[in-house]
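Down below is the structure, laid out as structure tokens.
We did not get these values from a lab; they are worked out from the coordinates using the rules stated. Remember, predicted model here, so these are calculated numbers, not experimental data. Counting neighbours? That spans all protein chains shown, and the Cβs are built from the backbone with ideal geometry, glycine included.
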Amino acid sequence: MPYLLLVSFIWSFSFVIIKGELTDLDANLVAFLRLFLALLVFLPFLRPKRFDFALGWRLFALGAVQFGLMYSAYIASFSYLPAHMLVLLTTTTPLYVVFFDMLLTRRNAPFFWAAALVAVLACCLLQYGGEPLQFNWKGFFLVQLSNLAFAAGQIYYRYLSQNQACWEPLSHFAIVYLGAAVFTLLSTFCSGGWQQFGAISARQWLLLAYLGLIASGLCFFLWNLGGSKVSAGSYALLNNLKIPLGVLVSIRFLGERCNYVVLAVTFVVFMCSVLLCEKAATQLLPVKGLQNG
């Protein structure tokens with residue numbers, strides 16, 4: 001769990017750091033560059049001779065879906081939805097995490113569903129500021145596709161890490177990032193983003209380095225690694241922790257306002273739900289089941 005908490009904290013600062021700095025660049029180009037930089041970090045750890053060809057393709061496909069498809073679908077939704085709707089619609093990820101865990105483990109845990117629903121409702125209540133909801137079906141489906149891709153990748157990585165005899169996280173994650181980089185490379189070619197490559201400023205390169213090396217490279221690795229060490233219910237809940245943390249950071253560094261009572265209640269709900277999920281996983285599931293979910 002410490003890995004997941006650390007990553008949520010780092011991600012909550014990312015929006016403040018990069019806010020408005022990269023909006024003039026093609027979004028697919030930004031996604032490719034950050035994932036390519038992440039790949040460069042993990043390439044020295046790659047040991048392809050230590051795992052079979054089938055596992056390599058699984059990891060490649062996992063990266064293409066969890067990070068490549070996730071970014072492409074999320075980026076495409078910007079054309080159809082305002083910012084507040086994007087934030088509201090991304091809160092559904094915990095439900096998909098529990099759903100994919102149920103599919104892979106063939107075990108339904110009602111308490112995990114309840115905890116995930118609490119996480120969704122708490123974050124929706126925190127983020128909704130009373131603005132008229134400008135709903136668009138195409139944008140809605142794109143954001144949900146992004147959420148599905150991210151959730152599916154998390155749970156499949158978790159499944160592989162717990163069921164492979166020889167699991168080397170650093171080596172294997174290089175293949176994951178390779179799949180993600182190839183997917184976003186193709187997306188960049190399709191969107192014509194390469195035309196803006198020469199226009200990237202020195203400041204933007206610094207921000208891209210932060211995104212690629214820290215917010216993506218290190219954090220995605222720690223996120224997937226941490227997810228294999230907690231129950232599926234806690235993993236689902238913590239997918240939304242970056243939202244109240246991001247609100248807290250925005251209040252401190254951007255001077256934004258929010259309902260402090262709702263924010264405090266959201267944090268309490270999250271922490272209590274995580275503790276209850278871990279307790280439920282220990283008491284209600286057999287030891288083997290806890291390790292797999």
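A compact table of results
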| item | result |
| --- | --- |
| Residue order, fewest to most beta carbons within 10 Å, for SER8, SER161, SER72 | SER161, SER8, SER72 |
| Mean-position separation - Cα centroids, segment 168-192 and segment 197-238, in angstrom | 14 Å |
| Loop-resident sites, segment 1-105, for trypsin sites (Lys or Arg not before Pro), counting at most 12 other Cβ within 10 Å (DSSP) | LYS19 |
| Rg [Å, one decimal], Dmax [Å, integer] - segment 153-210, C-alpha atoms | 16.3, 47 |
| Mean Cβ count within 10 Å, highest first, over the residues of peptides 146-157, 205-216 | 146-157, 205-216 |
| Ranking of THR105, THR91, THR184 by count of other Cβ atoms within 10 Å, fewest first | THR105, THR91, THR184 |
| Fewest-first ranking of MET85, MET70, MET1, MET271, using other Cβ atoms within 10 Å as the exposure measure | MET271, MET1, MET85, MET70 |
| Potential lengthening between LEU55 and LYS229 on full extension [0.36 nm per residue; Cα-Cα distance subtracted] | 60.5 nm |
